[in-house]
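As structure tokens, the structure follows; a few thoughts come after it.
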Amino acid sequence: MRNFSKSKLLAYRQCPKRLWLEIHRGDLLEQGAVTQAAMAQGHEVGAIARKIYDPEERGYFLDLEILGFRDLLSQSKVLIDGANAPLFEAGFAANGALALADILLPLNDSEGRTWRMVEVKSSTSVKDYHRDDVAIQAYVVRAAGVPLQSIAVAHIDNSWSYPGNGDHRGLLVESDLTSEAFARSTEVESWIAGARDVAAKISEPPIRLGEQCNKPHACGFMSYCSQSTPTVVYPVSWLPNIKSKALKACVKDGATDMRDVPENLLNAQQLRVKHCTVNREIYFDAQGAANELAAYPLTGYFLDFETTMFAVPIWTGTRPYQQIPFQFSLHVLSEAGNLQHQEFLDLSGDDPSRCFAVALVNACGEQGPVFVYSAKFEKGRIKELAERFPDLSIRLLAISHRMVDLLDIATDRYYHPSQQGSWSIKKVLPAIAPDLDYGQLEGVQNGEMAMTAFKEAINPACLPERKAEIEVQLRRYCGLDTLAMVRIWEFFRGT
């Protein structure tokens, strides 16, 4: 009889077709950079958790890659029966399912030894799929004969600040899910039975694309499944901000092309997108855009940030997942039409925050509009910098107060059919200035890639020539962001 791992059962919960493909057509699986980064992040948090829960290093870590399943299962049983120390990644099999426990902690009382299980997650809260996760873990471990007293999820506390010196106490906070997990045994048994039925099928389940393709995780079989989906000329997914219950119900009931959606279900913005897309027309309120920008005389500053973040902070005084700015690009356009470029980039590996803040206040002057694209992001970073460095607070917040959001103007005043429902700068720019092409950049072409490149560059193992290459790529990418803003401003201003 096949034993289903927790990951396979969770795949079944997300989509039976995903489980079938994982078992029978694993060669079709594509793991994107985001998925790989999330996995690496999970391993990093798991390693820190072992240090937190076993500071004296008395515990046993069972490495599946070294032991293999058979030896791992047998060694886990021996340790459960005889060890009085924390166990990490201990494995158990029962009733057609497999489970590897992140952490098992021994509890000794008058009735003998029992165990407390902790499942470690790199998220900042308990998600619904974590509840399914611990239900499976608790079921398998208990069915395998382990006297399990409790089970909890340990997730990251993003309000915690790293004190430095490798002290990560406080990084994780626990949520006890014992009662809920123990009460779901019948459910888990039904998942195992359902997974067994799906796995036995000769052909894949006929399930079409839907919300389950990205919820709770992006499925690695999306490309494959998309191939068998009829081509939609004007996908309903191009409609922005699908939030109303009526519109969601329409999509769920089978509307795949925006022409299939009744117009009384659409708001003004969605109607505009549908009309422009179907009729291949450009919407541009040129006078309105020009009037808005006329209120902000030059000299103008065009600003963009790049940031990094870590689940486990590496710099003293920073928080988990705090977005730390390490780079900015600033194009300065004078009243006479002269354009100059300034920039900041720190690849030293030290916390770049203060140097970034000092360079920013020196570069932005004291007056003149500061144009950004999606002001909420830059304002949020400046607010955090002002809180960290009170001596720079007044000057930093002054920059924030001068900000003008080009995204708001673009959203209200412009739409091109090629935008496909998005007003991101990478969608608007090709319609306005096709000669500026992010696709022509080498290496770094978006913010996610910039963050990945930064982390590679500050790694001590990064070779000097590779670090220099990354530096060039980051400067070109961030510089293009602000040059793009200049071109968008010129277009909207009518100059």
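The values are calculated or read from the model by the stated rules, or taken from the named source; none is laboratory data. Just so it is clear, the model here is predicted, and its values are computed rather than measured. Don't worry about glycine lacking a Cβ; one is built from the backbone with ideal geometry, like all the others, and counts go over all protein chains shown. Surface areas here come from the heavy atoms of the whole protein model, side chains and all, with no ligands, DNA or RNA. Shrake-Rupley method; radii C 1.70, N 1.55, O 1.52, S 1.80 Å.
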**OP:** Kindly indicate which of VAL232, VAL273 is on the phi < 0 side of the Ramachandran plot, assigned to a helix (DSSP H, G or I), surrounded by 13 or more Cβ atoms within 10 Å (Cβ to Cβ) and among the β-branched types (Val, Ile, Thr).
**Re:** VAL273
Subject >> Boolean, GLU44 is open to solvent by 50 Å² or more (accessible area, probe 1.4 Å), charged (D, E, K, R) and farther than 25 Å from GLU456 by Cβ >> reply: no
Original post:
Of the residues that make up the stretch 165-172, is at least one closer than 19 Å to ALA101 by Cβ, within 25 Å of the chain's Cα centre (by Cα) and at pLDDT 95 or above?
Top reply: yes
**OP:** Among the residues of the stretch 429-455, write down those that are surrounded by 14 or more Cβ atoms within 10 Å (Cβ to Cβ), part of a helix (DSSP H, G or I) and out of contact with any strand residue (DSSP E or B) (no Cβ under 6 Å at 6 or more places or on another chain).
**Re:** LEU429, PRO430, ALA431, ILE432, TYR438, GLY447, MET449, THR452, ALA453, LYS455
Original post:
Looking at ILE52, ILE80, which is the one that is open to solvent by 30 Å² or more (accessible area, probe 1.4 Å), β-branched (Val, Ile, Thr) and part of a helix (DSSP H, G or I)?
Top reply: ILE52
Original post:
Is it the case that the stretch 5-22 has a residue that's in contact (Cβ under 8 Å) with a residue 60 or more places away in the chain, open to solvent by less than 80 Å² (accessible area, probe 1.4 Å) and more than 22 Å from TYR129 (Cα to Cα)?
Top reply: no
**OP:** Return the only residue of ALA410, ALA359, ALA386 being in contact with a Phe, Trp or Tyr (Cβ under 6 Å, 6 or more places away or on another chain), assigned to a helix (DSSP H, G or I) and farther than 30 Å from ARG466 by Cβ.
**Re:** ALA410
Subject >> Residue match in the stretch 58-67 (condition: hydroxyl-bearing (Ser, Thr, Tyr) and in contact (Cβ under 8 Å) with a residue 24 or more places away in the chain) >> reply: yes
Subject >> Criterion (out of contact with any Leu (no Cβ under 8 Å at 6 or more places or on another chain) and in contact (Cβ under 8 Å) with a residue 40 or more places away in the chain) met by exactly one of THR452, THR482 >> reply: THR452
Original post:
If you scan the stretch 249-270, which residues turn out to be surrounded by 13 or more Cβ atoms within 10 Å (Cβ to Cβ) and modelled with pLDDT of 90 or more?
Top reply: CYS250, ASP257, MET258, ARG259, ASP260, VAL261, LEU265, LEU266, ASN267, GLN269, GLN270
Subject >> Residue list for the stretch 340-353, filter: within 26 Å of the chain's Cα centre (by Cα) and either of a type outside the set (Phe, Trp, Tyr) or surrounded by fewer than 18 Cβ atoms within 10 Å (Cβ to Cβ) (or both) >> reply: LEU345, ASP346, LEU347, SER348, GLY349, ASP350, ASP351, PRO352, SER353
